[in-house]
């Protein structure tokens, strides 16, 4: 074989090789070998900043249905209400108020409506020392018993905040006690957790376990 | 040497016409084949632009150069995501040092902070990058090796456990900064450890150095749906990243340097997360550090975090 024909053959082989490569690239997309499992988008409920419930003040401000707060729609004005109790001294709820869950305090000890509500002026709240408060001022009523929590709330270290940490740049937004706590059953409700982290390779052993961590 | 056929007898002073034609045909088809096999390079649209390649380190850029870099990023974001972002380079404020406090008594482990963070900071949705990892810990221990992050019950909190979200602790003595071979990550005067995503070479030393597992690496080009992009961006914060660079929590620099609270704090349904200026004696975090029992995660490693856990009782 001459040098010429040798180089011809080499060139032809190279050309054939590159053409084969070009053909292979034409039929496969680069990087298509790894396809991570699709991750569904997160439900918007897990990124919204709404509180778990609405206080009377919030309800009125946002134009919600406040008909449930109008006591005089059913009750007579100025008439003193008397609470019925059972043998164990627990309040018996009338059927109009059956939807209330009475679980304030350990062992249901605080189930007397008139510990907080005024028995005559039903749209008012009454503190232990007899001051009468509007429904929208309920924070002060809660602070009557929960002093340290009120102190923390006033310092901004209990409860939700949003807006501006730098008061010179803008206001801070605070929430009332009853925006998160149901006054009749104040323990924070159990909620559904947002989805956890998705492993890059499903089926592979979990990153964390009883033996591993950050 | 085999005899060549009479038709292709070499010209006395060079190559025959037939030989020339054959060789040039082979050469041309060879070159065409090489060009065809390089075709996939044309699909490499996300290659580094010349401008980005020649861009200086964040700290060495003049205001005009920074404005040019911001304009380049705005252009790139508009091209990729179809919207023009409000991109700025927010500077630290005088007399401000940020501190975070998290109430372990109140946290219920709902992971809302994780997803608010992802949405705010333009993290990759697929594959998933999350800055916050919520650990479900058995009561009575701070041993993070007993924690799990893959819990999925119907509702939280579960009895017998507490929840400890872990994210970048913005250490005063940050091991991640010390190991960076190219100084692509550093601590700002307001306490936030930041990354210049255009300077990072992706060696992942910082990820290995961090005792809090706070740093994340972009193994692939981030996948963010166009309608999910947050247009409120900062150069050192939540502007879109490329494949091959590190990222991590930066206390929502685009919010906090504008005086606002971080996204994870605003979404927390229990108000467990508190943030503020530790140099202001009346800020929430100052009151917490003065009046509450405070716990520092992995205090013994000497990183001096600006992230504190505290208890109500």
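The values are calculated or read from the model by the stated rules, or taken from the named source; none is laboratory data. Computed from a predicted model, the values in this text were never measured in an experiment. Quick reminder, even Gly has a Cβ in these numbers, built from the backbone with ideal geometry, and neighbours come from all protein chains shown.
Looking at this structure, is residue B:196 surrounded by fewer than 16 Cβ atoms within 10 Å (Cβ to Cβ) and either free of Cβ contacts under 8 Å to residues at least 40 places away in the same chain or in contact with a strand residue (DSSP E or B) (Cβ under 9 Å, 6 or more places away or on another chain) (or both)?
no
Check off (1) within 21 Å of residue B:239 (Cα to Cα); (2) in contact with a helix residue (DSSP H, G or I) (Cβ under 8 Å, 6 or more places away or on another chain) for residue B:182 and give me the number that stays unchecked.
(2)
Can you go through A:149, A:127 and tell me which one is under 24 Å from the mean Cα position of the chain (by Cα) and free of Cβ contacts under 8 Å to residues at least 60 places away in the same chain?
Just a single option satisfies the conditions, and that option is A:149.
Please determine, by comparing only the residues of region A:22-39 that are at the interface with chain B (Cβ under 7 Å from one of its Cβ atoms) and either modelled with pLDDT of 85 or more or within 21 Å of residue B:125 (Cβ to Cβ) (or both), which one is surrounded by the fewest Cβ atoms within 10 Å (Cβ to Cβ).
A:38
I'm trying to understand the selection: among the residues of region B:298-313, which are in contact with a strand residue (DSSP E or B) (Cβ under 7 Å, 6 or more places away or on another chain) and buried (at least 20 other Cβ atoms within 10 Å of the Cβ)?
As a first pass, look at region B:298-313 and keep what is in contact with a strand residue (DSSP E or B) (Cβ under 7 Å, 6 or more places away or on another chain): B:306-312.
Listed by number, the residues that qualify are B:306, B:307, B:308, B:309, B:310.
For region A:80-99, check the following and say yes or no: at least one residue is part of a strand (DSSP E or B), on the phi < 0 side of the Ramachandran plot and loosely packed, with under 14 Cβ neighbours inside 10 Å. First the steps, then the outcome.
Pass one, region A:80-99, residues part of a strand (DSSP E or B): A:85, A:91.
Next, only the ones that are on the phi < 0 side of the Ramachandran plot stay: A:85, A:91.
Keeping just the survivors that are loosely packed, with under 14 Cβ neighbours inside 10 Å gives A:85.
Taking every residue of region A:80-99 in turn, at least one turns out to be part of a strand (DSSP E or B), on the phi < 0 side of the Ramachandran plot and loosely packed, with under 14 Cβ neighbours inside 10 Å.
Report yes if residue B:155 is surrounded by fewer than 18 Cβ atoms within 10 Å (Cβ to Cβ), facing chain A (nearest Cβ under 7 Å) and either in contact with a strand residue (DSSP E or B) (Cβ under 9 Å, 6 or more places away or on another chain) or at pLDDT 95 or above (or both), otherwise no. Working first, answer last.
Values: surrounded by fewer than 18 Cβ atoms within 10 Å (Cβ to Cβ): yes; facing chain A (nearest Cβ under 7 Å): yes; either in contact with a strand residue (DSSP E or B) (Cβ under 9 Å, 6 or more places away or on another chain) or at pLDDT 95 or above (or both): yes.
Yes: the conditions hold for residue B:155.
Search region B:36-60 for residues being loosely packed, with under 10 Cβ neighbours inside 10 Å and at pLDDT 80 or above, and hand back the single one that is farthest from the other protein chains (Cβ to nearest Cβ).
Per the criteria, the residue is B:60.
Might you let me know whether region A:171-181 holds any residue that is facing chain B (nearest Cβ under 7 Å), surrounded by fewer than 18 Cβ atoms within 10 Å (Cβ to Cβ) and in a loop (DSSP other than H, G, I, E, B)?
No: region A:171-181 contains no residue that is facing chain B (nearest Cβ under 7 Å), surrounded by fewer than 18 Cβ atoms within 10 Å (Cβ to Cβ) and in a loop (DSSP other than H, G, I, E, B).
With the structure loaded, tell me whether residue A:163 is within 22 Å of residue B:262 (Cβ to Cβ), within 8 Å of another protein chain (Cβ to nearest Cβ) and not in a strand (DSSP E or B) or whether it fails that test.
Details: within 22 Å of residue B:262 (Cβ to Cβ): yes; within 8 Å of another protein chain (Cβ to nearest Cβ): yes; not in a strand (DSSP E or B): no.
So residue A:163 does not fit the description; no.
Looking only at region A:72-83, decide whether some residue is touching a residue at least 12 places away in the same chain (Cβ under 8 Å) and in contact with a strand residue (DSSP E or B) (Cβ under 9 Å, 6 or more places away or on another chain).
Checked against the condition, which is being touching a residue at least 12 places away in the same chain (Cβ under 8 Å) and in contact with a strand residue (DSSP E or B) (Cβ under 9 Å, 6 or more places away or on another chain), region A:72-83 yields at least one hit.
So if I check each of B:204, B:215, B:260, B:241, which one is free of Cβ contacts under 8 Å to residues at least 12 places away in the same chain and in contact with a strand residue (DSSP E or B) (Cβ under 6 Å, 6 or more places away or on another chain)?
Details: B:204 fails: free of Cβ contacts under 8 Å to residues at least 12 places away in the same chain; B:215 fails: free of Cβ contacts under 8 Å to residues at least 12 places away in the same chain; B:241 fails: free of Cβ contacts under 8 Å to residues at least 12 places away in the same chain.
The conditions single out B:260.
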